1. Dimensions of the stretch 282-398 along principal axes (Cα, Å, largest first)?
2. Set the Förster radius R0 to 60 Å, insert the Cβ-Cβ distance between I273 and T469 as r into 1/(1 + (r/R0)^6), and round the FRET efficiency to 0.05.
3. What is the packing order of peptides 461-469, 62-70, taking the mean over residues of other C-beta atoms within 10 Å and listing the highest first?
4. What ratio of Cα Rg to 2.2 N^0.38 Å holds for the stretch 2-267?
5. Quick one: check the C-alpha center-to-center distance for the stretch 369-391 versus the stretch 480-528, whole angstrom.
6. Based only on Cα atoms, what Rg/Rh ratio does the stretch 405-518 have, Rh being taken as Kirkwood's radius?
7. Relative to the longest principal Cα axis of the chain, at what angle does helix 2-16 sit, 0 to 90 degrees, rounded to 10?
8. For a quick protection proxy, order the peptides 394-407, 216-229 by their average other-Cβ count within 10 Å, most packed first.
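What follows draws every value from the coordinates through simple rules; no lab data is involved. Since the structure is predicted, the reported quantities are computational estimates derived from the model, not experimental observations. Every residue, glycine as well, gets a Cβ built from its backbone with ideal geometry; the counts of neighbours run over all protein chains shown.
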Amino acid sequence: MKFAKNILFIFFSIAFSQSITAQYIQVDDNRTVEDLVETVLINSSCANVSNISVSGWAFTSGNSYGYFNANGSTFPFQDGVIISTGRAASAVGPNTNLLSEGPTSWGGDQDLEQAINENNTINATVIEFDFLPFANKVSFEYIFSSEQYLSNPSPNQCNFSDGFAFLLKEASSSDYTNLAVVPGTNIPVKIPTVRGSGTICPPANEEYFDAFNGFEHPTNYNGQTKILKAESSVVPGVLYHIKLVIADQGNNLYDSAIFLGGGSFSVETDLGIDRLISTGNPLCPDDTLLLDATNSTAIGYKWFRNTIELVGETNPTLLVDEFGIYEVEVIFNPTCSSFGEIEIEYSTNPIPNNAIITQCDSDGDGLALFNLNDANAAVIGANTNVGSPFYYLTQSDAENNVSLITNFSSFQNTSINQVIYARLQNNFGCFGVSEVTLSTSTSTVTIPPFAVCDGDALQDGITSIDLNTEISPTVLSNFTPGLFVNYYQTEADVQIQVNQIASPYTNLTAFQEIIFARITDGVSCFGIIPITINIKTFEPTNFENEALFLCENESITIGVDAIFESYVLNNGETTPEITISQPGTYNVTVTNIDGCLAQKTFVVTASGPATITSILINDFQGSNNTIQINYTGLGNYVFSLDESYFQESPIFTNIGAGEYTITINDLNGCDAIFETIFVLDYPKFFTPNGDGINDFWKIENLNQPYAKIYIFNRYGKLLKQIGSNGTGWDGTFSGSPQPTSDYWFSLFLEDGRIIKGHFALKR
């Protein structure tokens, strides 16, 4: 890889030498660690630093740590401290060679391994010092650079993880806290946790990754993070120990480095988190916020709003009651001050609407159960970014958010037109209060029972009911237009509007059930009416679906008993039965006196006799002859020879010679067909002795006028040619009887087959 990197750089340099004017950082790796910490990194009279030490590697010409400056390049830090896992001076660009400089005898660091959850570290450089803070917060800025940021690494490279830690502890403690973490998390900064996209390795927190570097980069590293900030709260006057450490992991290859911004190590005064609308924590209009910068070692304070000093505000605290950016300067001595900043924004209060909700009163006493959530939409109105209102008995309770009404969905009013109070809060906790009046309404409408047919196959008195079409039009016809109706299982549910029934609804009680209708405009109630639903069943006898067969060129009659109120077939007929001559699916729907429907389906399938297309006979096989019937047809068929036994297969085996009648029956009741065939064989012997028995040798049932048979003696001499129709061979040649012996024949059939065999002549 190193060779390839150098070759590419040489090519790049030749091709672009006329236009490149890039600058690279400078590194001085011979400065003392005291100078680096006190003069470069901290460089502040506010820092009380002591007990400075360093461990790393001393190369022939320089160390693994040192001072750097940007040298007019594009590097983000103007100067600072570098600590690396190789020679610090090798960090100078361009990015032309792979840095793997540390020896294997240069060890790692256990504190780092614990902080970044890795093991087997090597080539560790450590800077440590004690620090006595004046203020309550410390921070510094850094960039993590590494040769492990390869733009096209091998897969195993993704598992290596050089890392860095900024370790902080009280000097008297043994437990470190790592401040070099991904912002807003406790994830340590290392190669796998901060990486850009576009490589074989998966990206991670790439908003904090800067770039994979080209050749002309100010440093000699393959990539780096953006400027990151490590920070922590501290207790003023308490001695802390700081340990800055970096190391390779796994092996001593692919060096890494940390660039610490010069002067970025600072002490600050923490005034708390910003109170912003964008972060969801602004102040509300009537809120105040006490900013506290109290420090026991301070000699003075200055407060600012939007960079303008607040004259007279010299106390350690400031009460804020308006938006702005507030700053404090905490003065420790004439040359040392700590600064803190916080931004304050104010939200507006929501303005809830007054509302009236009306509940139905079944006994007319002005009292009812109310679902206070019915007022939510009216109370909210045009307000945005608010939650659901909360409800209280008094305005004071609502304003102070005490004694909340807990039973929103079933609140019992205690007086006619009782007023309660709604508290509406936005997402930031800012609120407004409005009135909600609880009114009642009484209805005397009575609805006759509804008859509903059981519309499913199982006539058990349980069915699906479309409330919107079968019930609602009748219910609403008793009220002013523009209202709608909701349904509930019980009277208690309808009062508090819980467990609303959805349509279509399947009744829970067979044959008869009472549900409750609530007529409403969305908020107010205009009536609560019990609805009785009677479920009518209709289950006629002999109404099972049928499957029928229709033979070709025939017709059949289908239908049901003529005992119903009406009949409708899917072909438009309205009679109990019809005659059909075409296959298909026929439905007949009948209606009884209650208007309930039942349907019967006839599936009529075409059938018919078979048509034989060919018969394949494999004969002259003794008793092992076979017959195969090839056929077409719409029916379901069985096959027989001489009607002795019917089988599903059209193939017959182990058939002897002889005359047979093939029968094909249609199982669907259509006509059978018949055909006569002959299975051929030849006699194995004959006895031409004039006794009238086997006097001639011939093949029976040959019935092929153009077939020819040639007979030979054992020496191949042709003795006789006979046809398919004659008496056969009498056993003579030229009038002379032939002796007892075996004779051979060749049979030439009309289909081109040639059958050869032999037979015996016996005298």
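1. 83, 26, 19
2. Details: r = 58 Å, r/R0 = 0.97.
About 0.55, to the nearest 0.05.
3. Values: 461-469: 16.7, 62-70: 22.3.
My ranking of the peptides, most packed first, is 62-70, 461-469.
4. On the way: Rg = 17.9 Å, N = 266, 2.2 N^0.38 = 18.4 Å.
Normalised Rg, Cα atoms only: 0.97.
5. The stretch 369-391 and the stretch 480-528 have Cα centres separated by 22 Å.
6. Values: Rg = 19.0 Å, Rh = 17.4 Å.
Here Rg/Rh amounts to 1.09.
7. Between helix and principal axis, roughly 80 degrees.
8. Details: 394-407: 13.9, 216-229: 21.6.
Top of the packing list down: 216-229, 394-407.
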